[in-house]
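One structure is given here, and the rest of the page talks about it.
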Amino acid sequence: MSKKILQGKVVKDKNDKTIVVLVKRKYLHPFFSKVITSSKKYHAHDENNKFKIGDSVKIVESRPFSKMKKWEVINKWYKFKQN
């Protein structure tokens, strides 16, 4: 089974080697046919404390680092505009 990869925005970086990433997803409601936005926060492992609040990052499932941390940052994610 492959590991899940999510992309989101760093909302907290106060803890040592840990960041909190806000991941938003949009989906179509099955009955009302409206687009719903849901969000969830994930605690991710950041070994070198190099990511700061506001950075867009990609996180991947990993082994549990602690009770809350089951995700690890793989890289910074850049969103490019398409012309």
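Here are a few things to note about the model shown:
- Above-threshold pairs, the threshold being 21 Å between Cα atoms, out of Lys26/Lys52; Lys4/Lys40; Lys4/Lys58: Lys26/Lys52
- On the chain, 52 percent of the accessible area sits on carbon and sulfur atoms, based on a 1.4 Å probe.
- Each Lys and Arg Cβ is given +1 and each Asp and Glu Cβ -1; about its Cα centre, segment 2-83 then shows a dipole of about 260 debye.
- Across segment 45-57, rounded Karplus estimates of 3J(HN,Hα) from the backbone phi angles (6.51 cos²θ - 1.76 cosθ + 1.60, θ = phi - 60°) give 7, 10, 4, 9, 6, 9, 9, 10, 4, x, 6, 8, 9 Hz, Gly and Pro being marked x.
- Taking amide H positions as modeled 1.01 Å from N, with prolines and chain starts lacking one, the residues under 5 Å from Lys17 and 5 or more places away or on another chain are Asn49.
- Residue-span extension gain [Ser62 to Asn49] - 0.36 nm each, minus C-alpha spacing: 2.9 nm
- Accessible surface area normalised per residue over segment 1-75 is 75 Å², counting heavy atoms of protein chains with a 1.4 Å rolling probe.
- Separation of the alpha carbons by more than 29 angstrom is noted, of Lys34/Lys76; Lys34/Lys69; Lys14/Lys67; Lys12/Lys34, for Lys34/Lys76; Lys34/Lys69; Lys12/Lys34.
The values are calculated or read from the model by the stated rules, or taken from the named source; none is laboratory data. As the structure is a computational prediction, the values presented were derived from the model and not from experiment. We place every Cβ from the backbone using ideal geometry, glycine too, and count neighbours over all the protein chains shown. Remember, those area values only see protein heavy atoms, side chains included, never the ligands or the DNA or RNA. Shrake-Rupley method; radii C 1.70, N 1.55, O 1.52, S 1.80 Å.
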